[in-house]
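The values are calculated or read from the model by the stated rules, or taken from the named source; none is laboratory data. Note that the coordinates shown come from a computational prediction; the quantities given were computed from them, not determined experimentally. Because the Cβ atoms are built from the backbone with ideal geometry, glycine has one as well, and the counts that use them run over all protein chains shown.
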Amino acid sequence: MKLLRYGPLGQEKPGLLDAAGVLRDLSAHVADLGGAVLADLDRLRAVDPASLPVVPGNPRLGACVTGTGKFICIGLNYADHAAESGMQVPPEPVIFMKATSAICGPHDPILIPRGSEKTDWEVELGIVIGRAAKYVPANKAVEYIFGYMVTVVVCDIVFGILASIIVMYFSRQREFRADAGAAQLLGQAPQAGA
């Protein structure tokens, strides 16, 4: 089952791409693809794709899910990438976050920030986590995966290296909750004279 969202920006509807590659409208069955829908696909599995209305034309495709809470990334996750970046393979994963406002449809325009010196892109495997997860054992992790997507990451390499250094420093200072205040998020600030 290939699920997607289609329609004008901010007005996307849930859709399904059937086995023949025909886009079909799912909006009579779910309001959108996000939240509780991701955690329980049983009602969508029960739908016969041939019973769904065909979506006419060639509408814009949007972000594959809505309501993304966190966009977590793993950096330098394989030796070739570290080598091409001129860096050592880290002893543990480099984990960082991207703004969820950066998520867009596959053909949407990409806004390059002012001051960008070396804009680059790379294709990544995206994994959509379908339900709340915390301290999940490795042998149970696959149970939390809603699906996979192709992700194209566009960034400025100069900004990215600086951001990675900052994130590595602060992420090692303290574990924090998503609803933590700024002081918790950034770790304890060094005291004067320390």
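Any residue at all in the stretch 37-51 that's in contact with a strand residue (DSSP E or B) (Cβ under 7 Å, 6 or more places away or on another chain) and in a loop (DSSP other than H, G, I, E, B)?
No.
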Can you tell me which of Glu124, Glu143, Glu175, Glu92 is among the acidic types (Asp, Glu) and at pLDDT below 80? Glu175
For the stretch 86-102, the count of residues that are surrounded by 12 or more Cβ atoms within 10 Å (Cβ to Cβ) and in contact with a Gly (Cβ under 9 Å, 6 or more places away or on another chain) equals 5
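In this structure, does Thr151 turn out to be modelled with pLDDT of 80 or more, surrounded by 10 or more Cβ atoms within 10 Å (Cβ to Cβ), more than 15 Å from the chain's Cα centre (by Cα) and not aliphatic (A, V, I, L, M)? Talk me through it step by step, then tell me what you get.
On the way: modelled with pLDDT of 80 or more: yes; surrounded by 10 or more Cβ atoms within 10 Å (Cβ to Cβ): yes; more than 15 Å from the chain's Cα centre (by Cα): no; not aliphatic (A, V, I, L, M): yes.
For Thr151, the condition - modelled with pLDDT of 80 or more, surrounded by 10 or more Cβ atoms within 10 Å (Cβ to Cβ), more than 15 Å from the chain's Cα centre (by Cα) and not aliphatic (A, V, I, L, M) - is not met.
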Filtered residue count, the stretch 1-22, keeping only those that are touching a Cys at 6+ places or on another chain (Cβ under 9 Å) and part of a loop (DSSP other than H, G, I, E, B): 1
Scan Val65, Val30, Val22, Val55 and give me the residue that is surrounded by 10 or more Cβ atoms within 10 Å (Cβ to Cβ), without any contact (Cβ under 8 Å) to a residue 24 or more places away in the chain and aliphatic (A, V, I, L, M). Val30
Looking only at the stretch 103-135, filter to residues that are in contact with a helix residue (DSSP H, G or I) (Cβ under 9 Å, 6 or more places away or on another chain) and surrounded by 14 or more Cβ atoms within 10 Å (Cβ to Cβ); which one of those is farthest from Gly7 (Cα to Cα)? Ser116
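Is it true that some residue in the stretch 110-120 is free of Cβ contacts under 8 Å to residues at least 60 places away in the same chain and within 28 Å of Leu17 (Cβ to Cβ)?
Yes, the stretch 110-120 contains a residue that is free of Cβ contacts under 8 Å to residues at least 60 places away in the same chain and within 28 Å of Leu17 (Cβ to Cβ).
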Which numbered condition Ile127 fails, given (1) touching a Phe, Trp or Tyr at 6+ places or on another chain (Cβ under 9 Å); (2) without any contact (Cβ under 8 Å) to a residue 40 or more places away in the chain; (3) over 26 Å from Leu16 (Cβ atoms): (3)
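Out of the residues in the stretch 43-52 that are surrounded by 10 or more Cβ atoms within 10 Å (Cβ to Cβ) and under 25 Å from the mean Cα position of the chain (by Cα), state the one that is nearest to Gly10 (Cα to Cα). First the steps, then the outcome.
First, the residues of the stretch 43-52 that are surrounded by 10 or more Cβ atoms within 10 Å (Cβ to Cβ): 43-44, 47, 49-50, 52.
Those left that are additionally under 25 Å from the mean Cα position of the chain (by Cα): 43-44.
On the way: Arg43: 25, Leu44: 23 Å.
Taking the candidates together, the pick is Leu44.
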In the stretch 64-85, which residue that is modelled with pLDDT under 80 and part of a loop (DSSP other than H, G, I, E, B) is farthest from the chain's Cα centre (by Cα)? Ser85
